[in-house]
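Notes for the one structure printed next.
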Amino acid sequence: VIIDNRSGHVVGAYRLICSLFANDFYSASEFDLSGLLAQEGVQLELSRACIRPDHRNGVVMSLLWRGLGAYMAAVNARWLFGLSSVKSIHVPAIADVHRQLREQGRMREDGLVTPRPAFRIPGYRDALDRPSSKREEIPGLFQAYLKAGAEVYDEPALDRAFRCADFLTVLDRQKMTPAHEKKFVRGL
């Protein structure tokens with residue numbers, strides 16, 4: 001949690017769920033996580049990052065990541081994971097994001113993690129084979145995870161309640177970029 005000392009308001013927060021203390025993860029409602037959770041090491045789900053609109057200038061996110069780094073070190077977390085949302089339920093747009101991730105070498109298509117049947121996107125595999133006429137923008141927080149070294153596990157889930165596509169995003173701390181490791185974990 002980040003608190004603005006001038007106003008006393010909470011201006012940023014992450015909900016963290018650690019495998020040392022819990023067996024239920026928010027992402028498990030949309031994805032079969034058994035392959036990921038079977039990996040050796042402590043898993044830490046980053047769930048629900050929230051920053052007040054008037055504080056979205058990068059400073060609060062940087063402070064949240066510093067706190068996240070301290071927590072990662074305290075529990076010796078190896079795996080960070082969570083849902084990276086793309087605000088669209090339009091299948092060609094979602095498929096375009098997938099293709100971009102594949103082009104960047106960030107897409108794992110090994111079937112280790114898959115959407116639960118109720119969250120699968122009808123016609124998704126066919127849409128991947130069709131080029132898109134418009135390049136979709138990958139949201140900023142999603143891009144930040146990718147820059148840190150995260151990978152995305154194959155097919156996204158369709159969250160009809162929030163009208164978005166959720167990509168399961170996983171960062172193996174052992175593969176974290178050196179700059180991010182130094183900045184958020186070792187620099188503490």
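Exactly which chymotrypsin sites (Phe, Trp or Tyr not before Pro) in segment 115-188 are in a DSSP loop and have at most 12 other Cβ atoms within 10 Å?
PHE162
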Checklist entry - Measuring from centroid to centroid over Cα atoms, what is the spacing of segment 64-128 and segment 154-171 in Å? => result 6 Å
Checklist entry - How large is the accessible surface per residue of the chain, computed with a 1.4 Å probe and reported in Å² as a whole number? => result 53 Å²
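Can you compute the charge dipole magnitude of segment 81-188 about its Cα centre, using +1 on each Lys and Arg Cβ and -1 on each Asp and Glu Cβ, nothing else charged? Give it in debye, rounded to the nearest 20.
Result for segment 81-188 is approximately 320 debye, rounded to the nearest 20.
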Checklist entry - Could you give the dipole magnitude of segment 51-139 about its Cα centre, charging the beta-carbon of Lys and Arg +1 and that of Asp and Glu -1, in debye to the nearest 20? => result 160 debye
Item to check | Selection of trypsin sites (Lys or Arg not before Pro), segment 55-159, meeting DSSP coil and at most 16 other Cβ within 10 Å | outcome: ARG56, LYS87, ARG120, LYS134, ARG135
Next on the checklist: Projecting each Cα onto the charge dipole of segment 1-130 (Lys/Arg +1, Asp/Glu -1 at the beta carbon, about the Cα centre), which of VAL59, GLY69, VAL1 comes out farthest on the positive side?
Outcome noted: VAL59
Checklist outcome for this item: Quick tally, 1.4 Å probe accessible area for THR114, THR169, sorted with the most first, runs THR114, THR169
Next on the checklist: Given contacts defined as C-alpha pairs under 8 Å and at least six residues apart, what's the relative contact order of segment 1-43, whole-number percent?
Outcome noted: 29 percent
Item to check | the chain - percent of accessible surface contributed by carbon and sulfur, probe 1.4 Å | outcome: 52 percent
Checklist entry - Counting GluC sites (Glu not before Pro) as exposed when in a DSSP loop with at most 16 other beta carbons within 10 Å, what is the longest stretch of the chain free of them? => result 41-108
Checklist entry - How much accessible surface area, in Å² rounded to 10, belongs to the heavy atoms of ASP32 with a 1.4 Å probe? => result 60 Å²
Next on the checklist: Taking the 0 to 90 degree range and rounding to the nearest ten, how far is the long axis of helix 59-75 tilted relative to the main principal axis of the chain, both from C-alpha atoms?
Outcome noted: 80 degrees
Checklist outcome for this item: About its Cα centre, segment 1-89 carries a charge dipole, from +1 on Lys and Arg Cβ atoms and -1 on Asp and Glu Cβ atoms, whose size in debye to the nearest 20 is 400 debye
Checklist entry - Using alpha-carbon pairs under 8 Å, 6+ residues apart, how would you state the relative contact order of segment 46-188 in percent? => result 35 percent
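By its C-alpha gyration tensor, with a ≥ b ≥ c as the square roots of the eigenvalues, how is segment 1-129 shaped: rounded for a/c under 1.5, else prolate for a/b larger than b/c, else oblate?
The shape class here is oblate.
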Checklist outcome for this item: Looks like segment 88-157, by Cα gyration tensor root eigenvalues a ≥ b ≥ c and the a/c under 1.5 rounded cutoff (else prolate when a/b is bigger than b/c, oblate otherwise), is oblate
Checklist entry - To the nearest 10 degrees, how steeply does helix 91-103 sit against the main Cα axis of the chain, on a 0 to 90 scale? => result 70 degrees
Checklist outcome for this item: Out of VAL113, HIS180, SER27 - ranked by how far each Cα lies towards the positive end of the dipole of the chain, with unit charges on the beta-carbon of charged residues - the top one is HIS180
Next on the checklist: Explain nothing, just compute: Karplus ³J(HN,Hα) = 6.51 cos²θ - 1.76 cosθ + 1.60, θ = phi - 60°, for every residue of segment 153-166 in order, whole Hz, x for Gly and Pro.
Outcome noted: 8, 6, 5, x, 9, 9, 9, 5, 5, 9, 6, 8, 9, 10
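The values are calculated or read from the model by the stated rules, or taken from the named source; none is laboratory data. These numbers were taken from a predicted model, which means no experiment stands behind them. Positions of Cβ are backbone-derived with ideal geometry, glycine not excepted, and every protein chain shown enters the neighbour counts. Just so you know, the surface numbers come from the protein's heavy atoms only, side chains and all, with ligands and any DNA or RNA stripped out. Shrake-Rupley method; radii C 1.70, N 1.55, O 1.52, S 1.80 Å.
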